[in-house]
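Data first, discussion second: the structure below is written as structure tokens.
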Amino acid sequence: MPCCAGSYGEVYHGDWFGTEVAVKKFLDQDLSGDALVQFKCEAEIMLRLRHPNVVLFMGAVTRPPHLSILTEFLPRGSLYRLLHRPNSQVDEKRRMRMAIDVAKGMNYLHTSHPTIVHRDLKSPNLLVDKNWNVKVCDFGLSRIKHHTFLSSKSTAGTPEWMAPEVLRNEPANEKCDIYSFGVILWELATCQIPWKGLNPMQIIRDCWQLEPNLRPSFAQLISRLLQHVQHLVVETTNYRKFNSRLTGTMLPQ
């Protein structure tokens, strides 16, 4: 039984020479068609990635009917599942650190040479390890950027997280990932599903006028998020000191 599924394949929990792995098996096993292009693209991108906040590529199965990609296994599953499961309790400080993890992983992709644009950044594509570290995964729609803009005729992806220029099939650059990260930040702040109740066409219309060039870089976002975490730490420390003094004054003399 697969532990999860997406538009391109199913993911299984497996054992590879004593090491836990996640096995992404492609639904389309036609090596002469789009599946081969998709497979080679994802494997090529993942092969070159080494970062604590990017899922580790461990190998690939290149023959049908088991055309697959193997990565490290992250036991806590997706960020989406953690945030939106019933009675989810992820405290604010942890959620802020999760945001920083995502920003660091994406900054690594965007500052690679050449730049790697994810194009399908969303909470279901962010996995969490046993120590609550978040890692970017699923590079099925990613592209290596050799020019100023990317263009693609693919309409795959999840509209709730996709930038309007991608939804409109217009030329896009790494700023489309910044938009998606903004949606993820909203999820982390509210613990709610983005655009709940709206259909994809409503989402496209509502986002129509957003300007990509005004979006910050991930390096800028990391700096802002770290400042916010430090502010939270100071607030928590001051609260504890105040609470300790308050408790002390209420004790019997």
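Every number in this text was worked out from the coordinates using simple rules, so none of it is lab data. Given the structure is predicted, the values throughout are model-derived calculations rather than measurements. Positions of Cβ are backbone-derived with ideal geometry, glycine not excepted, and every protein chain shown enters the neighbour counts.
Quick notes
- Net charge dipole size for segment 46-151 [Lys, Arg +1 and Asp, Glu -1 on Cβ; Debye, nearest 20]: 40 debye
- In this structure, the residue pairs whose Cα-Cα separation is over 24 Å, taken from K25/K196; K93/K135; K24/K196; K24/K93; K122/K175, are K25/K196; K24/K196; K24/K93.
- Amide H partners (placed H, <5 Å) of A60, local residues excluded: L70
- Segment V229-R85, extension gain: residue separation times 0.36 nm, minus the distance between their alpha carbons: 49.4 nm
- FRET efficiency for the C191 to A43 pair, using the beta carbon distance and R₀ = 25 Å, is estimated at 0.15.
- Note, ³J(HN,Hα) from phi for segment 91-106, Karplus 6.51, -1.76, 1.60, rounded to Hz, x at Gly and Pro: 5, 4, 4, 5, 5, 5, 5, 4, 4, 5, 4, 4, 4, 5, x, 6
- Once the Cα-Cα distance is subtracted from the 0.36 nm per residue extended length, the H13 to L27 segment shows a gain of 3.4 nm.
- Scalar couplings 3J(HN,Hα) for segment 132-137, obtained by applying the Karplus form with A = 6.51, B = -1.76, C = 1.60 to θ = phi - 60°, are 6, 6, 9, 10, 6, 9 Hz; x denotes Gly and Pro.
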